[in-house]
1. Across region 76-128, what is the number of residues that are within 21 Å of Q145 (Cα to Cα) and of a type in the set (A, V, I, L, M)?
2. Which condition number does Y72 fail, the rest of (1) open to solvent by 20 Å² or more (accessible area, probe 1.4 Å); (2) in contact with a strand residue (DSSP E or B) (Cβ under 6 Å, 6 or more places away or on another chain) being met?
3. Condition test on S166, is it modelled with pLDDT of 95 or more, farther than 30 Å from H29 by Cβ and loosely packed, with under 14 Cβ neighbours inside 10 Å?
4. Out of all the residues in region 93-121, which are closer than 26 Å to L31 by Cβ, charged (D, E, K, R) and surrounded by fewer than 17 Cβ atoms within 10 Å (Cβ to Cβ)?
5. Hey, can you tell me all the residues within region 11-28 that are under 25 Å from G90 (Cβ atoms), touching a residue at least 24 places away in the same chain (Cβ under 8 Å) and open to solvent by less than 100 Å² (accessible area, probe 1.4 Å)?
6. So, in region 56-68, exactly how many residues are open to solvent by 40 Å² or more (accessible area, probe 1.4 Å) and modelled with pLDDT under 95?
7. Could you say whether any residue in region 59-70 is polar (S, T, N, Q) and touching a Leu at 6+ places or on another chain (Cβ under 6 Å)?
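The values are calculated or read from the model by the stated rules, or taken from the named source; none is laboratory data. The model shown is predicted, which means the values in this text are computed figures rather than measured ones. Cβ sites come from the backbone with ideal geometry, for glycine too, and all protein chains shown count toward neighbours. In case anyone asks, the SASA skips ligands and DNA or RNA and just uses the protein heavy atoms, side chains included. Shrake-Rupley method; radii C 1.70, N 1.55, O 1.52, S 1.80 Å.
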Amino acid sequence: MTARPILLFPDPHLRRMAEPVTEFDTKLHALAADMLDTMRAAPGIGITAPHIGVALRVAVLDLRDETGPRTYINPDILWASDETIRHEEGSVSMPGVVELIERPAKVRVRYHDLDARERIEDAEGLRAICHQHEIDQLNGIFWIQRLSPLRRTRLVARYEKLRRASARSA
């Protein structure tokens, strides 16, 4: 398939709520394959359709573990643990910066697979973090919105400095 261009922060499309998928067809399969190629090229371990400018509730995760890459259509969190963990997060739409975010350590996610079958997945640790991060994105919540205003301001300044330096060296 094809690696597609990734929208970069602060593109306003990254803050829009994605629409539910209603057609499970060859176009959806092609979109999922393109998303996987795009995520790997970035590189990243998770991506949503909004990251590539498609306002649909599709997420792809590839944690490079025994489960392999997975596509989640219309995912929703059914349950989240009271126990929390802190993990560094970043985004393919904001390359070069990461920050610690605290989230529930375990989640239960309902989603559809590419063949429209409803599935339930229990996840913990990194997979739970990734689900929450990507579902936030599908809900129009960019990951830095989970930071305090001060930490967010500092991170955005660091990102802008990296972009300026990258533009000068290009």
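1. 13
2. (1)
3. No: the conditions fail for S166.
4. Result: R108, R110, D113, D115, R117, E118, R119.
5. D11, H13, L14, A18
6. Selection size over region 56-68: 4.
7. Taking every residue of region 59-70 in turn, none turns out to be polar (S, T, N, Q) and touching a Leu at 6+ places or on another chain (Cβ under 6 Å).
Here's the yes/no breakdown for (1) in contact with a Phe, Trp or Tyr (Cβ under 7 Å, 6 or more places away or on another chain); (2) closer than 18 Å to R57 by Cβ; (3) of a type in the set (A, V, I, L, M, F, W, C):
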{"position": "I85", "(1), (2), (3)": "no, no, yes"}
{"position": "E89", "(1), (2), (3)": "yes, no, no"}
{"position": "R110", "(1), (2), (3)": "no, yes, no"}
{"position": "A123", "(1), (2), (3)": "no, yes, yes"}
{"position": "A128", "(1), (2), (3)": "no, no, yes"}
{"position": "E134", "(1), (2), (3)": "no, yes, no"}
{"position": "T153", "(1), (2), (3)": "no, no, no"}
